[in-house]
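First up is the structure itself, then whatever we jot down about it.
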Amino acid sequence: MPEIKVLFVTSEVAPLIKTGGLADVSGALPPALRQINVDVRVLVPGYTQVLAKMGPSEVVATFKDLPGFPPSRLIFSIMKSGVPLLVLDCPPLFQREGGPYSDPNGHDWIDNPLRFGLLSKVAAVLGSDESPLSWRPNLVHGNDWQTGLTGVYLSVAKGSVPNIITIHNLAFQGNFRPQKVQLLHLPPASFNVNGIELYGNMSFLKAGLYYAYHITTVSPNYAREIQSAELGFGLQGLLHARRDDITGILNGIDTQEWDPESDKHLHSHFSASRMAGKAHNKLALQMRMGLDSDAGIPLLGIVSRLTHQKGLDLLLEIAPRLLEMPVQLVILGSGEAFMQQAARELALRYPGRVAAMIGFDEGLSHQIEAGADLFIMPSRFEPCGLNQFYSQRYGTPPVVHNTGGLADSVVDCTPETLKNGTASGFVFSGMTANNLFFTIKRAIDLYHDQRKWKALRKNCMSKDFSWETSARAYRRVYMKVLGWK
Ligand code: ADP
């Protein structure tokens, strides 16, 4: 098997910088690809957090005059996973207090087009004859809108290699005023319906989808859904036209980081055959979050961005009804102000029964996955989702909406699926408060039948969510694009 060289371009990569699932994928897929003979290197912006956390490094290239962009340089380092890392260092664009996409108040950085235009531009330089590096990729693999212009720049570069793009969430598109086309030195002819124009604006993601040789997205079901008006976010026409060039590949998870037998964030370790530790984690979680200590009460866990997408408004709506039953609720998340407020108010109204932690807390997210009995994830749409994998692996059956990757990774618990050993959670169709309520109730009823509950937990914990299968599917896509046998 020939070795494929891939430049993997991403705007976040765990454990250096993370706001969501993209970071997890970027941290875990490249090492899995390296295991199967793909020489992948990761290109990421040099945010303050990345520069602070990366290991020993050396400058390997400088870019003094990329038209339209401030000077920048490439710093080479190696990630803990062994994956070679190229950090795009450009202090005026990336070194600042705040997140990768927004300032500390949550407002998008005003120069995001320039910031991610540079990321795309440098990716294209590295994939063409202009590259200053001796290592040359056979293919550039971008992710989400932040890398969307790569294909446009590659299309006019000399000696360019093919590129693919992975959609992690079609809702984020990077749409900006058309004037940016000039600012970013894009070919004027590209501002066209057959190009980067979207309803009068320029769109990073549209550009990515239009110019990529192949498109992947993070679950087979989402690959179909985005071709419909309901979940296509205005891009369904293009996606439908390109349907033969789209592949849905379910994400895996980092099974070392998320392992109930060795997870450093947990109070006690456990496995499918030694479940006592799970009960200890439940008590520890109740203690940490100020909930009443009660081993027998069903504890519902949530770890999520608090946004419309994640459907937690429905959960907050039904919470008073749910809490008429003996249940506890623990919520970890941050996002829209009204949802944060509603979660806080719920906790104040039900002391000892509801706990809400507003913020981002990696350790607590592991403790909730391990300590809760049920995990609630009623996303309106979900390209893949990761928490439903984590919760299954930690013996915490998820309650999910029948959409995207949730539908691809959770098998609804029915008498038949319980009997044939495939049941791994609770799936509801129809995004209504009542459907969510009755599905959680169905789960709680099963919880009280401990024999069935234990069987369900065991199914969950025996599933294989490692990256190996997905990495092989990505390699097949690379080979197809390159026309290699
Ligand atoms: P998305 O990328 O849409 O936010 P995913 O389920 O794909 O959703 O991935 C979310 C990732 O971010 C998971 O690893 C999840 O545990 C983590 N996460 C989300 N919110 C928080 C939070 N408040 N604290 C800690 N981790 C969080």
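The values are calculated or read from the model by the stated rules, or taken from the named source; none is laboratory data. In this text, all values refer to a predicted model and were calculated from it rather than measured experimentally. Backbone-built Cβ (ideal geometry, glycine too); neighbour counts: all protein chains shown. What goes into the accessible areas is simple: the full protein's heavy atoms, side chains included, and nothing from ligands, DNA or RNA. Shrake-Rupley method; radii C 1.70, N 1.55, O 1.52, S 1.80 Å.
Largest accessible area first, the listed residues 463, 419 line up as 419, 463 when surface is computed with a 1.4 Å probe on the assembled protein chains. The charge dipole of region 276-461, taken about its Cα centre with unit charges on the Cβ of Lys, Arg, Asp and Glu (plus for the first two, minus for the last two), comes to roughly 420 debye.
Round to a whole number: what % of the accessible area of the chain belongs to carbon and sulfur, probe 1.4 Å?
53
Antiparallel beta bridges, as assigned by DSSP with both residues in the chain, represent about 30 percent of the total such bridges.
Each residue of region 423-432 is assigned a 3J(HN,Hα), and the resulting list reads 4, 9, x, 10, 10, 10, 10, x, 7, 10 Hz, derived from the Karplus form 6.51 cos²θ - 1.76 cosθ + 1.60 (θ = phi - 60°), x at Gly and Pro.
In the context of the full set of protein chains, residues of the chain present 40 Å² of accessible surface per residue (probe radius 1.4 Å, heavy atoms only).
Only the Cβ atoms of Lys and Arg (+1) and of Asp and Glu (-1) were treated as charged; on that basis the dipole of region 7-66 about its Cα centre amounts to roughly 60 debye.
Selection among 460, 435, 477 by position relative to the dipole of region 399-485 gives 477 as farthest towards the positive end (Cβ unit charges, Cα centre). Positive end of the dipole of region 276-461 (Cβ unit charges, origin at the Cα centre): among 407, 365, 417, the Cα lying farthest that way belongs to 417. Working note: 222 nm ellipticity from helices only, DSSP H runs with n ≥ 4, each -39,500 (n - 2.57), summed and divided by the residues of the chain, gives -10500 deg cm²/dmol to the nearest 500.
If you keep only loop residues by DSSP, which GluC sites (Glu not before Pro) in region 204-262 have at most 16 other Cβ atoms within 10 Å of their Cβ? The qualifying sites are 230, 261. What separates the Cα centres of region 39-90 and region 197-248 is a distance of 29 Å. Here's how it looks for residue 8: its modeled amide H is under 5 Å from those of 41, 42, 43, 141, which are all 5 or more places away or on a different chain. Note on region 61-178: Rg/Rh from Cα positions, Kirkwood definition for Rh, rounded to two decimals, is 0.95.
Find the centroid of the Cα atoms in region 285-362 and in region 93-152, then give the distance between the two in whole Å. Taking the Cα centre of region 93-152 as reference, the centre of region 285-362 is 36 Å away. Long hydrophobic helices in the chain: the complete DSSP H runs spanning 20 Å or more by Cα along their own axis with mean Kyte-Doolittle hydropathy of at least -1.0 are 21-35, 112-126, 433-447, 468-482. Ordering 215, 316, 55 by the projection of their Cα atoms onto the charge dipole of the chain, which places +1 on the Cβ of Lys and Arg and -1 on the Cβ of Asp and Glu, puts 215 at the extreme positive end. Computed over the Cα atoms of region 307-398, pair by distinct pair, the Kirkwood hydrodynamic radius stands at 13.7 angstrom.
What trypsin sites (Lys or Arg not before Pro) does region 135-227 have in DSSP loop regions with at most 15 other beta carbons within 10 Å?
Values: sites: 158, 180, 206, 224; in loops: 158.
Of the trypsin sites (Lys or Arg not before Pro), the ones in loops of region 135-227 whose Cβ has at most 15 other Cβ atoms within 10 Å are 158.
Across region 185-202, coupling constants 3J(HN,Hα) worked out from phi with the 6.51/-1.76/1.60 Karplus curve, θ = phi - 60°, read 6, 8, x, x, 5, 6, 7, 7, 4, 8, x, 9, 7, 9, 6, x, 9, 9 Hz, and Gly and Pro carry x. The charge dipole of region 239-284, taken about its Cα centre with unit charges on the Cβ of Lys, Arg, Asp and Glu (plus for the first two, minus for the last two), comes to roughly 260 debye. Sparse packing (at most 15 other Cβ atoms within 10 Å of the Cβ) combined with a DSSP loop state is found for the following GluC sites (Glu not before Pro) in region 1-60: 3. Rolled with a 1.4 Å probe across the full set of protein chains, the surface gives residue 310 an accessible area near 30 Å².
Between the amide H of residue 248 and those of 217, distances stay under 5 Å, these residues lying 5 or more places away or on another chain, with hydrogens modeled in the peptide plane. Scanning residues 5 or more positions from residue 335 or on other chains, those with amide H under 5 Å from its amide H are 306, with H placed 1.01 Å from N in the peptide plane.
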